[in-house]
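Data first, discussion second: the structure below is written as structure tokens.
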Amino acid sequence: MDAGLTLTTNMSLVFALLAFTVLMLVLEWIRADLVALLVIVVIGITRLLPVEQLFDGFAGNAVISLIAVMIMGAGLDRTGVLSKAASFILRLAGGIESRVSLLINAMVGSLSAVIQSQALSALFLPVVSRVSARTGLPLKRLLLPMACMILCGTNITMISNSPLILLNDLIASANRNLPPGAQTIQTFSLFAIAPIGIPLLLAGLAYFALFTRRLLPSDEERQKVTPGRTETYFAETYGIDGDVVELVVTTDSPLVGMSVGEVEQLRGAPLILALKTGNEARLAPPGDQMIWVGSVLGVLGKREAVAEFANNQLCQVQTRLRNFADLFNPSRAGIAEAVIPPSSRWIKKAVGELRLRKTHGISVLAVNRGEQVFREDVRKVALRAGDTLVLHGFWRDLAQTAESHDFVVVTDYPKEEQRPSKIWHATAFFALAMGLGLFTDLKLSIAMLVGAVGMLLSGVLNMDEAYGAINWKTIFTLACLIPLGWAMDSTGAAAWLAQEVLVYLGTLPQWGLQAVVAILALLFSQVVSNVGAAVITVPMAINIALASGGNPSVYALIVAISTSNTFIMPSANPVIMIVAGPGGYRRRDFLRVGIPLTVLMLVVLLLSVNLVFGGL
């Protein structure tokens, strides 16, 4: 790093853009992917990077690797690999809580080394819910430890979380801007960081094995043990109970000529789950569907309340299900719970805007947000990440809608095993990709694409399913934010920032500077995405290392791992956000679990890095 750098106009532009990006990501006034798009446009207009380099992030090693990993993760799920995991855990654990928890944590921690973290948490949420339902163990003591161990396990390889996937690209950018004669900064191979990640995983396993009961005591639990499996659960949690009853609309009924949506607004109206007009019967009738003489309503409610409503509206109550017996067969349809992940397109949209009944045949009966349950005027509720929806519809429709990845179903509902005959194809191509990444000099993106393309050619997935498996919001955000890190390097902004930091902290030993860098990365990752935190802090950390005589690769690695270890605030990490709703966690649960775990991970990280790479 050059001595005595002065702040230039381009550096000031980078810092202004950086401040704007952080502010928008924190306040969420603009979607994260739109913020990233705005960043790349501003960089192009201001010429902070050459135009021909501006869109290289979309074809970068990090983005292609992440796409391939997402496709392979979907292939493993499609063939039933993860469904078998629940049976394996139950068989091995014998129903003992400490053993069940340890096995779940060890399994997801190991799998997260080779499967993208957010995808793994979404795939394993139903698995853990199933384990909880079969054993009666509190879901609250299983989900949050599982999510934290997924994050710990992602530090074993370079393909499981976005900051580590991005790391080599950021190092390559730093190499392009090194002064003449400077030694090239080394990048990391697929398993090069395993000696760091394995101690982090073991420390996390020990932490939860020893302290889970103290950190998540049972006397504070909302007994969310069997989500979505029994009528008792829905009655206690959402007030949704009673029986399905058929109401025939008579000639004198005031309901004639009203829409389903208007009937639902009437005082004392039960939940309308089905409607038959003429010979056409359907579940989840749209709000604008009209009711006529002879229409039959399939409603859910207590018999006394339904009888009172029928009497007031001059409807005839059927003594048994004559029209909807087949539609309400539990093997075909029922009630399920689903969680809104942070990547969902439904976030900030009202339930009514989604038109789920009209387009997908699914009714939203309630929305659970933390300790608040919305039963009245559900259509007006604007959804947030982490909300739990209570849905009713055909299992087939639920499964098809879930393929959009706008929600994650946590209910163990009847569905066909998708492609179990392809399980060996999926595992073989996945193993091939790992082997190519580990034992050859192929770029990581090429190695991962070999596995993804192999699964597509062998019929594990088709192309439409592969497109659906990719979280395009994550990909787009990553590709558009990469140039911001490049601009920090090329304009000298990162070097100037490192220079200013060393003015105040230059007397600290190497481990002290590493701790400062790690804490800065942790703080950034609490308020912006882990990708954004890595883009901001990796270039600065590399320049601090160059100026202080440290190993720049080590400093960059510390930042990438630190931005992934975000256990304290659910909003800071999608993996934690996904389990927040189903687990019924409160803010103090995250603080109680996350703060000690964060400190433990920081200490283990600094010790492991310096023991493995030297520097103590």
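FYI, it's all coordinate maths here, none of it is from the lab. Here the structure is a predicted model, which is why all the values come from computation and not from measurement. No Cβ is skipped: glycine too gets one built from the backbone with ideal geometry, and neighbour counts run over all protein chains shown.
Taking square-rooted eigenvalues a ≥ b ≥ c of the alpha carbon gyration tensor, is the stretch 333-409 rounded, prolate or oblate, where a/c under 1.5 means rounded and, failing that, a/b exceeding b/c means prolate? Working shown, then result.
Details: a/c = 1.43, a/b = 1.25, b/c = 1.14.
Judged from the Cα gyration tensor, the stretch 333-409 comes out rounded (a/c under 1.5).
How high is the relative contact order of the stretch 517-616? Use alpha-carbon pairs under 8 Å, at least six apart in sequence, and give a whole percent.
Working: 106 pairs, mean separation 27.7, N = 100.
28 percent.
Which whole-number value in Å³ per residue fits the convex hull of the alpha carbons of the stretch 425-481?
With only Cα atoms used, the stretch 425-481 gives 85 Å³ per residue.
Could you give the distance between the Cα centres of the stretch 24-56 and the stretch 448-467, to the whole Å?
Value for the Cα centre distance between the two parts: 31 Å.
Please work out the Cα center distance from the stretch 486-558 to the stretch 121-188, rounded to the nearest Å.
One Cα centre to the other: 20 Å.
For each of Tyr585, Tyr467, Tyr555, count neighbouring Cβ atoms within 10 Å of the residue's Cβ, then give the residues from fewest to most.
Details: Tyr585 24, Tyr467 11, Tyr555 29.
Least crowded to most crowded, the residues run Tyr467, Tyr585, Tyr555.
Fewest to most neighbouring Cβ within 10 Å: what's the order for Asp377, Asp412? Don't skip to the answer; put the middle values down first.
Details: Asp377 12, Asp412 20.
Neighbour counts put them in this order, fewest first: Asp377, Asp412.
Sort out for me the Cα centre separation of the stretch 330-345 from the stretch 385-434, rounded to whole Å.
Centre-to-centre (Cα) distance: 11 Å.
In what sequence do Asp489, Asp406 fall when counting other Cβ within 10 Å, fewest first? Please list the in-between numbers first.
Details: Asp489 24, Asp406 18.
The fewest-first ordering by Cβ neighbours comes to Asp406, Asp489.
Beta carbons within 10 angstrom, averaged per residue: use that to sort the peptides 317-330, 259-272, 556-569, highest first.
Values: 317-330: 13.8, 259-272: 16.6, 556-569: 26.6.
So the order, starting with the most tightly packed, is 556-569, 259-272, 317-330.
How high is the relative contact order of the stretch 115-177, in percent, counting Cα pairs under 8 Å that sit 6 or more residues apart?
Details: 29 pairs, mean separation 23.1, N = 63.
About 37 percent, as a whole number.
Taking R0 as 35 Å, what's the FRET efficiency between Thr46 and Phe191 from their Cβ-Cβ distance, rounded to 0.05? If you can, show how the numbers build up before the last one.
On the way: r = 40 Å, r/R0 = 1.13.
Rounded to the nearest 0.05, the efficiency is 0.30.
Under the definition of Cα pairs under 8 Å and six or more residues apart, what whole-number percent is the relative contact order of the chain? Don't skip to the end; give the middle numbers.
Details: 1103 pairs, mean separation 129.1, N = 616.
Computed value for the chain: 21 percent relative contact order.
Please label the shape of the stretch 233-387 as rounded, prolate or oblate, based on the square roots a ≥ b ≥ c of the eigenvalues of the alpha-carbon gyration tensor (a/c under 1.5 means rounded; beyond that, a/b larger than b/c means prolate, else oblate).
Verdict is prolate for the stretch 233-387.
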